[in-house]
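The values are calculated or read from the model by the stated rules, or taken from the named source; none is laboratory data. All of these numbers come straight from a predicted model, not from anything done at the bench. Backbone-built Cβ (ideal geometry, glycine too); neighbour counts: all protein chains shown. Heads up: the accessible areas ignore ligands, DNA and RNA and are worked out on the full protein's heavy atoms, side chains in. Shrake-Rupley method; radii C 1.70, N 1.55, O 1.52, S 1.80 Å.
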Amino acid sequence: MEKRIIAVLFGGCSTEHEISLQSAHAVLSHIDRSVCVPLPVGITREGQWFLYNGPLERIPDGRWESEGSCLPCLISPDRTKRELLVFGGSAIHYRLDAAFPVLHGKNGEDGTVQGLLELAGIPVIGCGCLSSALCMDKDRAHRLVSLAGIAVPKGVVLPSSAPDSAWKHAAEEVGYPLFVKPVRSGSSFGIARIAQPDKLLPAVREAAAHDEEVILEQAVPGFEVGCAVMGNDKLTVGLVDEIELSGGFFDFEEKYTLKTSSIHCPARIPAKKAEEIREAAKIIYRALGCRGFARVDMFLTPEGKILFNEVNTIPGFTSHSRYPNMMKGIGISFGELVGRLIALGTEEAGR
């Protein structure tokens with residue numbers, strides 16, 4: 001059988017550049033090379049694209065950029081070609097079976113790269129342009145999910161340039177405590193939990209540095225639960241996990257160090273409630289047009305009510321990340337997971 005040529009995109013122009021390097025290293029290390037030829041395509045913080053041919057262990061700490069194994073490359077916009085063009089002494093043409101964006105945050109998870117690949121006719125492993133853009137947008141995602149019958153936290157969205165009086169009025173409408181969030185951002189960048197009015201405006205200014213719109217959102221009592229979903233038409237749902245916080249919220253530092261928080265997989269909740277969460281995750285996944293894979297995050301209140309939080313279309317993908325661990329809980333190993341995701345992406349191409 002002819003091997004599939006898969007471009008694995010990593011790095012990117014994002015505050016989550018370093019996390020992408022970790023995830024891509026894990027994906028590249030687990031691709032079955034008996035059926036696939038992976039092409040590691042690194043994107044620098046400045047937006048330069050390179051085909052990287054050096055050792056995989058140089059990717060996580062960023063040393064891949066200083067290697068002599070980088071050749072400039074670009075995606076051909078010619079839909080009849082479906083090519084990655086690599087420039088050395090002369091141009092090398094790689095016809096791609098699919099591209100796997102392992103890019104977190106803006107300029108990677110927000111539909112931009114997915115749009116580029118779709119324009120070029122290259123199948124995307126994971127969510128496409130529209131669903132990626134919707135899931136990155138907390139306001140629009142909440143509106144659609146609410147229409148699908150899933151509860152969402154109360155929130156008010158304003159342009160980042162709104163006057164101080166508008167923010168104070170919006171905060172009174174939502175009620176304290178509340179969260180201040182950029183509408184489009186990842187890994188909790190620019191997010192703050194505010195319990196007192198005097199902390200509001202500094203938090204708004206910080207959030208405004210990350211996006212042109214900011215949402216003030218109700219702080220939901222209880223805790224966060226997550227659900228790994230995989231599939232196109234037929235969906236596979238992993239175990240439900242639970243984030244246990246000792247205080248504050250699950251910010252960037254906690255997500256990647258777990259200094260004072262813990263993740264329990266499976267979640268410490270009744271089986272019936274876990275199944276209810278899994279069904280809600282499927283509804284959300286379909287409502288936002290997700291394909292391939294995504295992690296659906298929700299809140300579970302002390303009364304047992306489920307509220308939608310957000311969808312991560314390219315969640316952390318190291319062997320110890322939440323998404324792979326939820327799938328591991330139902331018997332899908334990391335290597336098998338990567339293989340199934342590639343199969344799902346190329347399945348779409350076959351249509």
Going from most exposed to least, what order do Arg82, Arg143 have by accessible area with a 1.4 Å probe? Arg143, Arg82
So which of Lys282/Lys305; Lys3/Lys81; Lys181/Lys282; Lys106/Lys305; Lys81/Lys234 end up more than 22 Å apart, counting from Cα to Cα? Lys181/Lys282; Lys106/Lys305; Lys81/Lys234
FRET efficiency for Leu147 and Lys3, Cβ-Cβ distance as r, R0 = 51 Å, nearest 0.05? 0.75
Among Arg79, Arg291, what's the order by accessible area (1.4 angstrom probe), most exposed first? Arg79, Arg291
Where does the chain land at 222 nm, in deg cm²/dmol rounded to the nearest 500, when only DSSP H runs of n ≥ 4 count, each adding -39500 (n - 2.57), divided by all residues? -9000 deg cm²/dmol
Only Lys, Arg, Asp and Glu count, each charged at its Cβ (+1, +1, -1, -1), so figure out the dipole size of the stretch 58-200 about its Cα centre, rounded to 20 debye. 180
State log₁₀ I(q)/I(0) for the chain at q = 0.07, 0.13 Å⁻¹ as given by the Debye formula over alpha-carbon point scatterers of equal weight, solvent excluded. -0.30, -1.00
How many nm is it between the label spots at Lys154 and Leu201, if each spot is 7 Å from the Cα in line with the beta carbon? 2.4
Between Phe223, Leu245, Pro123, whose Cα lies farthest towards the positive end of the dipole of the chain when Lys and Arg beta carbons carry +1 and Asp and Glu beta carbons carry -1, centred on the Cα centre? Pro123
So the carbon and sulfur contribution to the accessible area of the chain, 1.4 Å probe, in percent, is 53
Spin-label pair Glu303/Glu244, simplified geometry with 7 Å Cα→Cβ offset, distance in nm: 2.6
The aspartates and glutamates whose Cα lies under 20 Å from the Cα of Lys168, excluding any fewer than 8 residues away in the same chain, are Asp139, Asp198, Glu206, Asp211, Glu212, Glu213, Glu217
Would you mind calculating the relative contact order of the chain from Cα pairs under 8 angstrom and at least 6 residues apart, reporting the percent as a whole number? 17
Taking Cα atoms, how many degrees apart are the long axis of helix 164-174 and the longest axis of the chain, rounded to 10 and kept between 0 and 90? 80
Going 7 Å from the Cα of Ser333 along its beta-carbon direction, which residues of the stretch 213-230 have the amide nitrogen within less than 13 Å of the resulting point? none
Which value in Å is the Kirkwood Rh of the stretch 77-217 over different Cα pairs? 17.2
Apply 1/(1 + (r/R0)^6) to the Cβ-Cβ distance of Ser165 and Ile92, taking R0 = 56 Å, and write down the FRET efficiency to the nearest 0.05. 0.45
Calculated FRET efficiency, Leu119 and His264, Cβ-Cβ r, R0 41 Å, to nearest 0.05? 0.45
Quick check: the angle from helix 138-147's long axis to the longest principal axis of the chain, C-alpha only, nearest 10 degrees? 80
Test of understanding: what is the full-extension gain from Arg33 to Arg286, defined as 0.36 nm times their sequence separation minus their Cα-Cα distance? 87.9 nm
Which residues in the stretch 1-18 place their backbone N less than 20 Å from a point set 7 Å from the Cα of Asn53 along the Cα-to-Cβ direction? 3-10
Sorted peptide list for 47-54, 84-91, 165-172, criterion being average Cβ within 10 angstrom, highest first: 47-54, 165-172, 84-91
Where a ≥ b ≥ c are root eigenvalues of the Cα gyration tensor, a/c under 1.5 meaning rounded, otherwise prolate if a/b exceeds b/c and oblate otherwise, the stretch 168-242 counts as prolate
Pairing the Cα long axis of helix 334-350 with the longest principal axis of the chain, what angle in degrees results, from 0 to 90 and rounded to the nearest 10? 80
If amide H atoms are modeled at 1.01 Å from N in the peptide plane, then the residues at a separation of 5 or more from Cys127, or on another chain, having amide H under 5 Å from its own are Arg291, Phe293
Which whole-angstrom value gives the distance between the alpha carbon centres of the stretch 157-197 and the stretch 99-154? 23
In Å², rounded to a whole number, the accessible area per residue of the chain with probe 1.4 Å is 43
Where nothing but the Cβ of Lys and Arg (+1) and of Asp and Glu (-1) is charged, how large is the charge dipole of the chain around its Cα centre, in debye to the nearest 20? 740
Expressed in nanometres to one decimal, the distance between label points 7 Å along Cα→Cβ at Asp78 and Arg140 is 3.2
By the gyration tensor of its Cα atoms, with a ≥ b ≥ c the square roots of the eigenvalues, what is the shape of the stretch 93-163: rounded for a/c under 1.5, prolate for a/b over b/c, or oblate? prolate
